[in-house]
Amino acid sequence: MSITQDIPAVGGPELPQERRLVTEIPGPASRALHERRTAAVAAGVGSVLPVYVAAAGGGVVVDVDGNSLIDLASGIAVTTVGNAAPEVVSRVSAQVAAFTHTCFMVAPYDGYVEVCERLADLTPGEHAKKAALFNSGAEAVENAVKVARVHTGRSAVVVVDHAYHGRTNLTMAMTAKNMPYKQGFGPFAGEVYRAPMSYPFRDGLDGRTAAARTIDVVDKQVGAENVACLVIEPVLGEGGFVVPAPGYLAALADYCRDHGIVFVADEIQSGMCRTGAWFACEHEGVVPDLVTVAKGVAGGLPLAAVVGRAEMMDSVHAGGLGGTYGGNPVACAAALGAIATMEQLDLNARAREVEALLTGRLRELAATFPPIGEVRGRGAMIAIEVVEPGTTNPDAATASRLSAGCHQAGVLTLTCGTYGNILRFLPPLVAPDALLHEAMDVLAEVASTVG
Ligand code: PLZ
C-alpha cells in the first residue's frame, strides 16, 4: 500500500487530531519538493521546517509524506481559528463563487464595511471608531503612521527595543533586529527613534520605572512635541513574547495623551483572541488611539486593518489611504467567518485555558531543566526564555536544539527573540488539550537529551 493513500486532500477540524510519523522529518516527498524549491524560489525566503503541507486543521499539519505534526506555530499566530475552519471555508467559497475582486476603491461591497464595523466593536474603547483595510501587517503599520502624521502634523515615530513591525522600508526602520530583517537593506526611512522597552526578566524594573526610562529617552532625544506616534506591541511578538511590567503600557498611554502623541498598539500578533482577550491591551486597561490588526483576523487569508479614533482616521484627505487589494472581498469573507468562529467557540476563554495548560507544563519542566530562565506570555502566546543556568545570558544554541528536537519528533515549534534564545508556543485555539499535552511531553523528552 502506498503511503500517499493516507494523505488527506481536505483539511479542517475533521482531520485526525494526532501526532503520527510515518517517515523521517522531512520525508522523501518533502525532500523532493525542497529540491525543486531550491531551484525555483529565491534563497532569501526561508522556511523553519521544510515539510511540505498537504492539509491542516485543528491542531495538526499533515505533510506530503503523510506525517501529522502537532502545530504550535499557527503559521505565526494566524490560524487562531484553525486551518480550513468550516465557517471560513464556507464564507470564502460563497464569496469566490459570487465575485473575487472589484477593488473597494472602484466599486465597493458590504463585506469590507462589515469587517470595519466588527473591528470598531471589538477593539478597546467606547469612542467613535473607523477603520481602513490592507493586505499585510506591515502595510497596516505604515498606514497607522500615515494617519498619525497627518493628524498631528508631526513626523517622528517612536518604537521600542526588540520591536518587530515588518519588512517594508518604513517598518524595517521600526523593527529592532538587524539579522535577518535589515542586514544590507538600508538606507532606512528617517524620523524613527528607538526607546528602551520594559523587559521584566532582564531589567527587573516595575512598570512605572520602566516607563519613566522610556519617556526620558523620548523627551530628551526626540522631544514630545515632535512625535507623531508611539508604536508598541502590547506583548512583543518576534522580539520574544515579552510581557511588559504591569502599568508600563498605561503610563506610556498617559504620556501620549498628555503630549498629543498618537498611541498605536501593534496588535498584529497579540490581537484577535491570541492572549485571551480580543486585544492584549485590554489586560492592562489601556485604550489605544489606533490599533493595527492582521494575522489571526482572517483565518489565513491576507487581511490587515488600522482601526481607531474616528477623528484621527478621518484626518486623511479622500484618496490618501488605499491599495488595489486592501480589503479584498474574499479576505473580508474569511475575516467575518473567523470572527464568527471566535465568538461561537469563545476562543478568548479557550486561550486562557491554553495558557493554564502550557504554563503549568512548562513550569514543571523548568523545575528540572535549568536552562529555562523564565516561562512567560499571555493566553496562547507562551514562551520559554533559554539561558545559561542561573544567569540571564541568552543561550540560542540550546533553544535551537530544543526546537530542532521537537521538529524531528513531529512538533512544529518556533523560536524568536533578539538573541534567538526564546522558544514560543502559539497553537491554534482549536487544538485539543490532548495534543498540547503530547507536545509538552515531547518537549520534556527532547529537553532530557539536550540539557
Ligand atoms: N507587527 C507585531 O508580529 C509579523 C513576521 C515573520 P506582516 N510577524 C511575523 C517574518 O519573519 O516575516 C508582524 C508582527 C507585528 C507587524 C508584523 C508584520 O506583519 O503581515 O508579516 O507584514
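Considering P187, P180, the condition of being assigned to a loop (DSSP other than H, G, I, E, B), surrounded by fewer than 19 Cβ atoms within 10 Å (Cβ to Cβ), within 16 Å of the ligand (Cβ to nearest atom) and not charged (D, E, K, R) is satisfied by P180 alone.
If the condition is being small (G, A, S), closer than 14 Å to E284 by Cβ and part of a loop (DSSP other than H, G, I, E, B), then the stretch 243-260 contributes A245, G247.
There is at least one residue in the stretch 268-276 that is in contact (Cβ under 8 Å) with a residue 12 or more places away in the chain, over 24 Å from L357 (Cβ atoms) and within 13 Å of the chain's Cα centre (by Cα).
Restricting attention to the stretch 392-406, the residues that are touching a strand residue (DSSP E or B) at 6+ places or on another chain (Cβ under 8 Å) and in contact (Cβ under 8 Å) with a residue 12 or more places away in the chain add up to 10. In the stretch 228-240, is there at least one residue being farther than 27 Å from A380 by Cβ and either in the same structural domain as V386 (by TED's automatic domain parsing) or away from the ligand (no atom under 15 Å from the Cβ) (or both)? Within the stretch 228-240 (the criterion being farther than 27 Å from A380 by Cβ and either in the same structural domain as V386 (by TED's automatic domain parsing) or away from the ligand (no atom under 15 Å from the Cβ) (or both)), the answer is yes, since at least one residue qualifies.
The set of residues in the stretch 289-300 being within 12 Å of the ligand (Cβ to nearest atom) and either farther than 21 Å from G111 by Cα or not in a loop (DSSP other than H, G, I, E, B) (or both) consists of V291, T292, V293, K295, G296, V297, A298. Looking at the stretch 266-288, which of its residues are more than 10 Å from the ligand (Cβ to nearest atom), touching a helix residue (DSSP H, G or I) at 6+ places or on another chain (Cβ under 6 Å) and either polar (S, T, N, Q) or part of a helix (DSSP H, G or I) (or both)? Across the stretch 266-288, the qualifying residue is only E284. For the stretch 404-418, the set of residues classified as in contact with a Cys (Cβ under 8 Å, 6 or more places away or on another chain) and farther than 21 Å from T23 by Cα is empty. Of the residues that make up the stretch 163-175, is at least one in a loop (DSSP other than H, G, I, E, B), within 16 Å of the ligand (Cβ to nearest atom) and surrounded by fewer than 21 Cβ atoms within 10 Å (Cβ to Cβ)? Yes, because at least one residue in the stretch 163-175 is in a loop (DSSP other than H, G, I, E, B), within 16 Å of the ligand (Cβ to nearest atom) and surrounded by fewer than 21 Cβ atoms within 10 Å (Cβ to Cβ). The set of residues from the stretch 140-162 being within 15 Å of the ligand (Cβ to nearest atom) and out of contact with any Phe, Trp or Tyr (no Cβ under 9 Å at 6 or more places or on another chain) comprises V141, A144, V145, V160.
Scanning the stretch 220-234 for residues that are loosely packed, with under 15 Cβ neighbours inside 10 Å and out of contact with any strand residue (DSSP E or B) (no Cβ under 7 Å at 6 or more places or on another chain) returns K220, G223, E225. In this structure, is V375 under 25 Å from V62 (Cα atoms), β-branched (V, I, T) and at pLDDT 95 or above? It is false that V375 is under 25 Å from V62 (Cα atoms), β-branched (V, I, T) and at pLDDT 95 or above.
If you go through the stretch 190-218 and keep only what is of a type in the set (D, E, K, R), crowded, with 16+ Cβ neighbours inside 10 Å and either over 27 Å from the mean Cα position of the chain (by Cα) or in a strand (DSSP E or B) (or both), you end up with just R194.
The values are calculated or read from the model by the stated rules, or taken from the named source; none is laboratory data. Please read all numbers here as calculations on a predicted model, not as lab measurements. Note that we place each Cβ from the backbone using ideal geometry, even for glycine, and neighbour counts take in every protein chain shown.
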